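A.B. asks: A single structure is presented below for examination.
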Amino acid sequence: MIGQSNSVGYQVSQQTKILIFDSGVGGLSVFKEIEAKLPALNYFYIFDNAAYPYGELEHETLTARVETLVCQYVKKLDIDLVVIACNTASTIVLPMLRARLSIPVVGVVPAIKPASNLANKAIGLIATPATITRQYTRELINDFSQSKPIKMIGSTRLVDMAEEKLRGAAIDLKELEHILGPMKNNIDVAVLGCTHFPLIKNEIQSVLGSEVLLIDSGVAIARRVESLLTPTAGAGEQGQREIYSTAPPWKEKALNVALTSFKFDKVRHHPFEI
Ligand code: DGL
């Protein structure tokens, strides 16, 4: 369990439970980075596929769902630390969740700050249609990247492609090229501002070209989680891993096969009423 300690942050035992939340499978890209550092923790991955895609959801609907779902699961599973592994949600729900929960809540937002230090020409932000219009994203750009031009693409189709790839489908590179075309040859750093996109990183790289640096927030999030725990938290045997959905997932069999590579069992459905 995690309890607030005076100087180091949080005390952790072998029982430490981490909740990772997203609308779909994108958060697995963040989970992968965290569990590479901290394999012995207990991981509970919850995805709200009943309301997928979050990038096209009304503000109020999204905040209400995330607040209710996350708070319910935190209580039910006695969670110690929450990771909102979704840029679309993190850019609006973090203050409200932090006000309601007494445990740490780590969010994922587009890596504009590191991108602005790395770019010489221009930055590309690839995210969901909602994330590119968020006030939070605008502030990140104002604060950290005023001197570099930013080109933004908000696409739900890219999110779908990542969902499809995880279930074994091949990505149509022509289609990807059509979506990313407007930023091709115009940028030198691209921010993967949706947690689904590291799952199709190789394909994005092949379309944008090897000279474009792709960055995401996964490793930084893993470092942040680690910094909130005691040094011994990552040691020991592999912990418990469970994955829950709010609706029966499409191509469930194929999804379950893919989940074995993340060392998760089959998806459990937990229909959820707001
Ligand atoms: N994975 C999510 C993100 O990081 C959102 C995908 C969606 O449901 O639109 O933004």
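A.B. asks: Using a Gaussian network model on the chain with a 10 Å cutoff between Cα atoms, which of Leu69, Leu77, Leu180 fluctuates the most?
C.D. replies: Among Leu69, Leu77, Leu180, the largest mean-square fluctuation in the Gaussian network model of the chain belongs to Leu77.
A.B. asks: Return the distance in nm (one decimal) between the two label points of a simple spin-label model at Arg157 and Asn186, each offset 7 Å from Cα along Cα→Cβ.
C.D. replies: So the label points at Arg157 and Asn186 sit 1.7 nm apart.
A.B. asks: May I pose another question? With unit charges on the beta carbons (Lys and Arg positive, Asp and Glu negative) and the dipole taken about the Cα centre of the stretch 168-274, which residue among Pro182, Val212, Pro249 sits farthest to the positive side?
C.D. replies: Pro249
A.B. asks: Only helices at least 15 Å long along their axis, Cα-based, and averaging 0.5 or more on Kyte-Doolittle count here, so list those DSSP H runs from the chain.
C.D. replies: On the way: long enough: 27-37 (16 Å, 0.10); 59-77 (27 Å, -0.06); 87-100 (19 Å, 0.39); 156-166 (16 Å, -0.37); 218-228 (16 Å, 0.60).
Correct list, ordered by number: 218-228.
A.B. asks: Looking at this model, which pairs from Lys32/Lys151; Lys17/Lys75; Lys32/Lys174 are more than 21 angstrom apart at the alpha-carbon? Provide the component values of the computation, followed by the final result.
C.D. replies: Numbers: Lys32/Lys151 28 Å; Lys17/Lys75 12 Å; Lys32/Lys174 28 Å.
Pairs exceeding the cut-off: Lys32/Lys151; Lys32/Lys174.
A.B. asks: Please enumerate, by chain and number, the aspartates and glutamates with C-alpha under 17 Å from the C-alpha of Lys113, excluding those fewer than 8 residues away in the same chain.
C.D. replies: Glu139, Asp143, Asp188, Asp216
A.B. asks: Moving to a separate point now. If you line up the Cα atoms of the stretch 174-274 on their principal axes, what length do they span on each, largest first, in Å?
C.D. replies: Extents along the principal axes, in whole Å: 45, 38, 30.
A.B. asks: Quick one: if the Förster radius is 22 Å, what FRET efficiency do Ala122 and Lys174 give, using the C-beta to C-beta distance and rounding to 0.05?
C.D. replies: On the way: r = 24 Å, r/R0 = 1.11.
Rounded to the nearest 0.05, the efficiency is 0.35.
A.B. asks: Under 5 Å between amide hydrogens, which residues at least 5 positions from Val83 or on another chain qualify, with H placed 1.01 Å from N in the peptide plane?
C.D. replies: Residues meeting the amide H criterion: Leu19, Ile20, Phe21, Val106.
A.B. asks: Can you tell me, using C-alpha contacts under 8 Å and at least 6 residues apart, the relative contact order of the stretch 108-231 as a whole percent?
C.D. replies: Working: 179 pairs, mean separation 41.4, N = 124.
After rounding, I find 33 percent.
A.B. asks: So if I place +1 on the C-beta of Lys and Arg and -1 on the C-beta of Asp and Glu, and nothing else carries charge, what would the dipole magnitude of the chain be about its Cα centre? I want it in debye, nearest 20. Walk me through the numbers before you get to the answer.
C.D. replies: Details: 28 positive and 28 negative charges, 59 e Å.
Roughly 280 debye for the chain.
A.B. asks: Continuing with this model, one more query. What is the calculated FRET efficiency for Glu56 to Lys263, with r their C-beta to C-beta distance and R₀ = 22 Å, to the nearest 0.05?
C.D. replies: On the way: r = 31 Å, r/R0 = 1.41.
Here the calculated transfer efficiency is 0.10.
Bear in mind that the values in this text are calculations on the coordinates, not laboratory data. Computed from a prediction, not measured in an experiment: that's the story for all the values here. Every residue, glycine among them, receives a Cβ derived from its backbone with ideal geometry; neighbour counts consider all protein chains shown.
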